[in-house]
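Contents: one structure, followed by commentary.
Since every read-out is calculated from the coordinates, none of them should be taken as a lab result. What you see is a predicted model, and the numbers here were worked out from it, not measured in a lab. Because the Cβ atoms are built from the backbone with ideal geometry, glycine has one as well, and the counts that use them run over all protein chains shown.
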Amino acid sequence: MRPPQDLRSLAARIKAAQAPEITAMRGWLKDWGEPTGMGHMDHGMPGMMSAEDMGRLKQAKGAAFDERFVRMMIAHYEGAIQMAGTEPAQGRDAGARKPARTIESSQRAEIEQMKRILDRL
């Protein structure tokens, strides 16, 4: 069973949007002398998925996969919104403030879309 078209479209948009965001964030980390790989990240960060979470997602099939994926993305986005919300007030790099606001607003809109998708799954 294939995921609903709106979920496939959303997943494609997420992939397209996050690739340049990740590139920009890695550039900032490099400029700031911080590690750029995922290995240093604490999975206690808001919205970060553990290896176990990802393993359960890989094992899920069909509608169970779709539902788990959407729920995980909602949690991931909520964590990103929380972190992005601190940047305008506490961030030291003016160049990171505008993208943080953009991430915050765009991901709020996508969460609403994911919730509508979840209601139909």
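Normalised Debye scattering of the chain at q = 0.10, 0.23 Å⁻¹ gives log10 I(q)/I(0) of -0.35, -1.49, counting only Cα atoms as equal scatterers and leaving out solvent. Stretched out straight at 0.36 nm per residue, the stretch from Arg71 to Arg120 would grow longer than its current Cα-Cα span by 16.3 nm. When the Cα positions of Ala80, Pro99, Ile14 are compared along the charge dipole of the chain, Ile14 comes out farthest toward the positive end, with charges on each C-beta of Lys, Arg, Asp and Glu. Compute the separation of the alpha-carbon centres of segment 2-26 and segment 62-121 and state it in Å as a whole number. Centre-to-centre (Cα) distance: 12 Å.
Computed over segment 3-121, relative contact order equals 25 percent, with contacts defined as Cα pairs under 8 Å that lie 6+ residues apart.
For the pair Asp31 and Ser106, the difference between a 0.36 nm per residue extended length and the Cα-Cα distance amounts to 24.5 nm. Would you mind checking segment 55-75 for residues with the amide N under 16 Å from a putative spin-label position 7 Å along Cα→C-beta of Asp6? From segment 55-75, the list is 66-67, 70-71, 74.
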